[in-house]
Amino acid sequence: METIVIKKETPIGWIYLNRPDRLNAINQQMIKELRQGIDEMVYDSDIKVIIITGNGKAFSAGADISRFKELNGYTAWQFAKSGRELMDYIENISKPTIAMVNGYALGGGLELAMACDIRIAAEEAQLGLPEINLGIYPGFGGTQRLVRLIGKGKALELMLTGDRISAKEAEKIGLVNKVVPLSNLEQETRNFALKLAEKPPISIALIKLLVNQGIDLPILAGLNMESLGWGVVFSTEDEKEGVSAFLEKRKAQFKGK
Ligand code: DAK
């Protein structure tokens, strides 16, 4: 693979966007390779958490603008479709994902980070959706995911102005979960991932499904899905282990069964 690098550090799977001289701008090849890289982590049962980050000074400065002149109506549609389907796929995998935002997360780069479950950013990072300045608008799911994450007013402000905001401001409005100095970013993100890796995977998968699907359902349908999911978790070995461990005053060892 040319545009990404993958590294397995069991139980963590790292994916590095790897076009540092282009600030990890996302092209069609990266979309294809990201799908392959994520799949590799999804089907490896030793990998419990996936971290996506960027090589060099950016997480990603967005879609590769240098290719835009080649796009026509049809190829733009196909590019948008493949990018959006990748983001949907990332959002809906059963394993937890963390975007480790090491620098610029702009346009499609921020849309990728928003498709992850958790965002941990370096203090130096800048985030934004500057597409409006190019005469376009976010096309990898940003118009829909940003409003769900931070609410309509701030989402419109970011998309209509195209302004970049600091990691601290992003934390204040709920766009990132945590901000740390760049020097601690990798270790803090690893620690967060290791904490998630100890949790029961079936509960994680169900929480993700209930939150991601439930948000667009009438509340009664979401609540019924939640009740039904209880039937699933109560049929798992991990539920027996979790309850026994509590009663026996020991740490639970979950197996994903
Ligand atoms: N694409 C291509 N190349 C990029 C790039 C990008 N998004 N961002 C940076 N680069 C390149 C620069 O051109 C430069 O290349 P050389 O000049 O060295 O050849 C190199 O990366 C280093 O960048 P700079 O020299 O500009 O670095 P600075 O530190 O001075 O500035 C910056 C960093 C992030 C402020 C600046 O590079 C910048 O403003 N970049 C553009 C950010 C941006 O506008 N991002 C949004 C992209 S639009 C679609 C679906 C989705 C999308 C599009 C279509 N379909 C519906 C079809 C998504 C759109 C976007 O994401």
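Label-to-label distance, D88 versus K255, with points set 7 angstrom from Cα along the beta-carbon direction: 3.6 nm. Each peptide among 166-172, 20-26, 214-220, 240-246 gets the average number of other Cβ atoms lying within 10 Å of its residues, and from highest to lowest they stand as 20-26, 166-172, 240-246, 214-220. Protection proxy ranking for 76-84, 230-238, using the average of other Cβ atoms within 10 Å per residue and placing the highest first: 76-84, 230-238. For the chain, a Gaussian network of Cα nodes joined below 10 Å ranks L209, L134, L149 by mean-square fluctuation, and the top entry is L134. Between E40 and A221, the contour length at 0.36 nm per residue exceeds the Cα-Cα span by 61.8 nm. Spin-label model, K168/N72: points 7 Å from Cα along the beta carbon direction are separated by 5.0 nm. Think of it as helices only: each DSSP H run of n ≥ 4 in the chain is worth -39500 (n - 2.57), and spread over all residues that comes to -15000 deg cm²/dmol at 222 nm.
Considering only DSSP beta bridges with both partners in the chain, what is the antiparallel share in %, to the nearest 5? Close to 25 percent. Build a GNM of the chain with springs between Cα atoms under 10 Å apart, and of T53, T75, T143 the one that fluctuates most is T75. Of all DSSP beta bridges confined to region 74-191, the antiparallel ones make up roughly 20%. Computed over the chain with a Gaussian network model linking Cα atoms closer than 10 Å, the most mobile of A115, A205, A99 is A205. Over the C-alpha atoms of the chain, the Rg to Rh ratio, Rh being the Kirkwood estimate, stands at 0.99.
Taking a ≥ b ≥ c as the square roots of the eigenvalues of the Cα gyration tensor, region 61-148 is oblate, since a/c reaches 1.5 or more and a/b is not larger than b/c. Measuring between their Cα centroids, region 237-254 and region 113-156 lie 39 Å from each other.
Coordinate-derived values only; no laboratory data. Source: prediction; values computed, not measured. Note: ideal-geometry Cβ built from the backbone for every residue, glycine included; neighbour counts use all protein chains shown.
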